[in-house]
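Everything on this sheet refers to the single structure shown next.
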Amino acid sequence: MTPTNPNAWSGIIRRYAEFLPVSEKTPIVSLCEGNTPLIPAPNFVRIIGGNFRLFLKYEGLNPTASFKDRGMSLAISKACEKDARIVICASTGNTSASAAAYAARARLQCAVLLPHGNIAMGKLSQAMAHNALIIGIEGNFDDALRLVRELGNTAKLEIVNSINPVRIEGQKTAAFEICDQLGQAPDFHFLPVGNAGNITAYWRGFEEYHERKLTDRRPKMCGYQAAGAAPIVDGHPIENPETIATAIRIGNPASWQSAVAAAEASEGWIEKVTDEAIENAYRLIAHSEGVFAEPACAAPLAGLIRCHEAGRIPEASTVTLTLTGHGLKDCDFALQHSESSIVPVKPNAADLLKALGL
Ligand SMILES: *Cc1c(COP(=O)(O)O)cnc(C)c1O
């Protein structure tokens with residue numbers, strides 16, 4: 001059932017079906033994901049002293065508040081087409097939130113493997129709300145993904161991590177939307193890199209639009225890892241990745257090769273930023289633009305600040321940057337790293353005016 005107005009948004013599969021591996025027989029499982037805003041960020045650019053145009057692709061406004069919903073809509077649709085009974089994933093949090101929601105909608109069982117004690121509460125609460133089977137692995141994300149790989153796909157069990165190629169296919173629709181919204185492709189696209197599926201997906205999206213002559217250029221892909229979890233930049237897997245940006249706390253990315261290929265083919269780069277730089281950028285975007293994003297999203301923002309300072313962003317460039325998940329996902333982090341606090345005031349106008357500095 002879709003809304004009667006054919007122009008109403010009804011999810012990425014219906015909008016971009018011609019680019020996706022679906023047929024008439026594919027049952028579409030959608031929560032109307034996608035169609036997220038591309039928000040101009042002029043204050044941020046002014047504060048860092050830039051002279052370029054920056055647009056934020058705010059993926060925190062997807063149904064489960066991260067970009068994972070794009071790939072998950074397609075992955076769960078294909079699992080239903082194959083008559084799978086259970087879907088399973090390893091997750092730093094957002095994949096599990098998304099898988100749990102889409103599985104609930106499709107009436108499938110869902111099992112999620114989470115690194116024990118290292119998941120943001122917002123994300124965990126989502127998997128719980130949608131009644132997933134939640135398995136706490138005594139290890140990190142890489143251990144959880146290794147376990148999922150060992151099980152493998154069977155007739156009844158479908159893996160919905162980004163090692164499932166349809167996840168990448170669904171996620172490339174964000175690049176289509178950016179081109180549709182801008183009316184062209186940007187000069188640079190910045191995003192965080194964890195398991196490296198998303199940078200792979202965006203590059204594929206930008207390439208496909210270019211091949212079909214829907215755009216006349218392709219952006220440089222600029223990916224950012226956290227310094228304590230930067231296997232691609234450091235050139236080897238990291239056994240114990242550590243960063244405040246838990247969504248990219250990954251030591252052995254599944255899409256490593258394709259991420260490097262995307263950076264090279266686009267003449268872009270994959271670099272790392274410190275947790276301190278991530279924290280500063282996290283605050284700056286929320287203070288200056290009213291946009292609340294989770295810590296991982298601040299990695300490319302920190303990267304952009306550094307690139308600007310090094311003179312790597314030519315004047316009048318168009319830069320797009322993916323804010324991959326909503327700030328409310330990780331409330332604890334927001335509360336712990338904020339400079340504000342609650343000012344206690346007695347319930348009378350005089351005291352209130354004093355508190356207001358008036
Ligand atoms: C999953 C995720 C990432 C990392 O994306 P990859 O495709 O694994 O590189 C970054 N930020 C957020 C908020 C995520 O949920």
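Quick one: GLU239 ticks every box in (1) out of contact with any Gly (no Cβ under 9 Å at 6 or more places or on another chain); (2) open to solvent by 30 Å² or more (accessible area, probe 1.4 Å) except a single one, so which number is it?
Going through the list (1) out of contact with any Gly (no Cβ under 9 Å at 6 or more places or on another chain); (2) open to solvent by 30 Å² or more (accessible area, probe 1.4 Å), GLU239 breaks only (1).
So that you can scan it fast, the table gives a plain yes or no per residue for (1) of a type in the set (Val, Ile, Thr); (2) closer than 24 Å to HIS326 by Cα:
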| residue | (1), (2) |
| --- | --- |
| LEU124 | no, yes |
| ALA129 | no, yes |
| LEU133 | no, yes |
| PHE141 | no, yes |
| LEU147 | no, no |
| THR154 | yes, no |
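Would you point out which residue out of ALA101, ALA8 is within 16 Å of the ligand (Cβ to nearest atom) and either farther than 25 Å from ASN140 by Cβ or crowded, with 23+ Cβ neighbours inside 10 Å (or both)?
ALA101
Being polar (S, T, N, Q) and within 16 Å of the ligand (Cβ to nearest atom), is that true of even one residue in segment 71-78?
For segment 71-78, residues polar (S, T, N, Q) and within 16 Å of the ligand (Cβ to nearest atom): present.
Filter segment 104-119 down to the residues that are surrounded by fewer than 24 Cβ atoms within 10 Å (Cβ to Cβ) and in a loop (DSSP other than H, G, I, E, B) and list them by number.
Within segment 104-119, ARG107, LEU108, HIS116, GLY117, ASN118 meet the criteria.
With the requirement that a residue be outside any loop (DSSP other than H, G, I, E, B), hydrophobic (A, V, I, L, M, F, W, C) and within 15 Å of SER338 (Cα to Cα), what does segment 286-298 give you?
ALA286, ALA293, ALA298
Among (1) out of contact with any helix residue (DSSP H, G or I) (no Cβ under 7 Å at 6 or more places or on another chain); (2) closer than 24 Å to PRO21 by Cβ; (3) modelled with pLDDT under 95, where does ARG107 come up short?
(3)
Does LEU301 fit the bill of being outside any loop (DSSP other than H, G, I, E, B), open to solvent by 40 Å² or more (accessible area, probe 1.4 Å) and either in contact (Cβ under 8 Å) with a residue 40 or more places away in the chain or not polar (S, T, N, Q) (or both)?
Considered against the rule, which asks whether it is outside any loop (DSSP other than H, G, I, E, B), open to solvent by 40 Å² or more (accessible area, probe 1.4 Å) and either in contact (Cβ under 8 Å) with a residue 40 or more places away in the chain or not polar (S, T, N, Q) (or both), LEU301 comes out as no.
Can you tell me which residue among GLY136, GLY117, GLY93 is touching a His at 6+ places or on another chain (Cβ under 6 Å) and within 16 Å of THR246 (Cα to Cα)?
GLY136
How about segment 183-216: which of its residues are among the charged types (D, E, K, R) and either touching a helix residue (DSSP H, G or I) at 6+ places or on another chain (Cβ under 7 Å) or buried (at least 17 other Cβ atoms within 10 Å of the Cβ) (or both)?
Correct list: ASP187, ARG204, GLU207, GLU208.
Are any residues in segment 45-71 within 21 Å of ILE305 (Cα to Cα), out of contact with any Gly (no Cβ under 8 Å at 6 or more places or on another chain) and touching a residue at least 24 places away in the same chain (Cβ under 8 Å), and if so, which ones?
ILE47, ILE48, GLY49, GLY50, ASN51, PHE52, ARG53, LEU54, PHE55, LEU56, LYS57, TYR58
When you check VAL87 against the structure, is it in contact with a strand residue (DSSP E or B) (Cβ under 6 Å, 6 or more places away or on another chain) and either without any contact (Cβ under 8 Å) to a residue 40 or more places away in the chain or in a helix (DSSP H, G or I) (or both), yes or no?
So VAL87 does not fit the description; no.
Taking into account only those residues within segment 253-270 that are within 12 Å of the ligand (Cβ to nearest atom) and open to solvent by 40 Å² or more (accessible area, probe 1.4 Å), which is nearest to SER91 (Cα to Cα)?
If we take residues in segment 253-270 being within 12 Å of the ligand (Cβ to nearest atom) and open to solvent by 40 Å² or more (accessible area, probe 1.4 Å), then TRP256 is nearest to SER91 (Cα to Cα).
Output the helices (runs of 4 or more DSSP H) that fall wholly within segment 137-244 and possess 3 or more residues being more than 16 Å from the ligand (Cβ to nearest atom), or say none.
In segment 137-244, 141-151, 173-182, 197-211 are the helices (runs of 4 or more DSSP H) which contain 3 or more residues that are more than 16 Å from the ligand (Cβ to nearest atom).
If you scan segment 284-298, which residues turn out to be open to solvent by less than 50 Å² (accessible area, probe 1.4 Å) and away from the ligand (no atom under 16 Å from the Cβ)?
LEU284, SER288, GLU289
Looking at segment 120-136, which of its residues are surrounded by 20 or more Cβ atoms within 10 Å (Cβ to Cβ) and part of a loop (DSSP other than H, G, I, E, B)?
The answer is ALA120, HIS130, ALA132.
The values are calculated or read from the model by the stated rules, or taken from the named source; none is laboratory data. The structure presented is a predicted model; accordingly, all values stated were derived computationally and were not measured. When we count neighbours, we look across all protein chains shown, and the Cβ atoms used for this are built from the backbone with ideal geometry, even at glycine. Areas reflect the complete protein model, heavy atoms only, side chains present, ligands, DNA and RNA absent. Shrake-Rupley method; radii C 1.70, N 1.55, O 1.52, S 1.80 Å.
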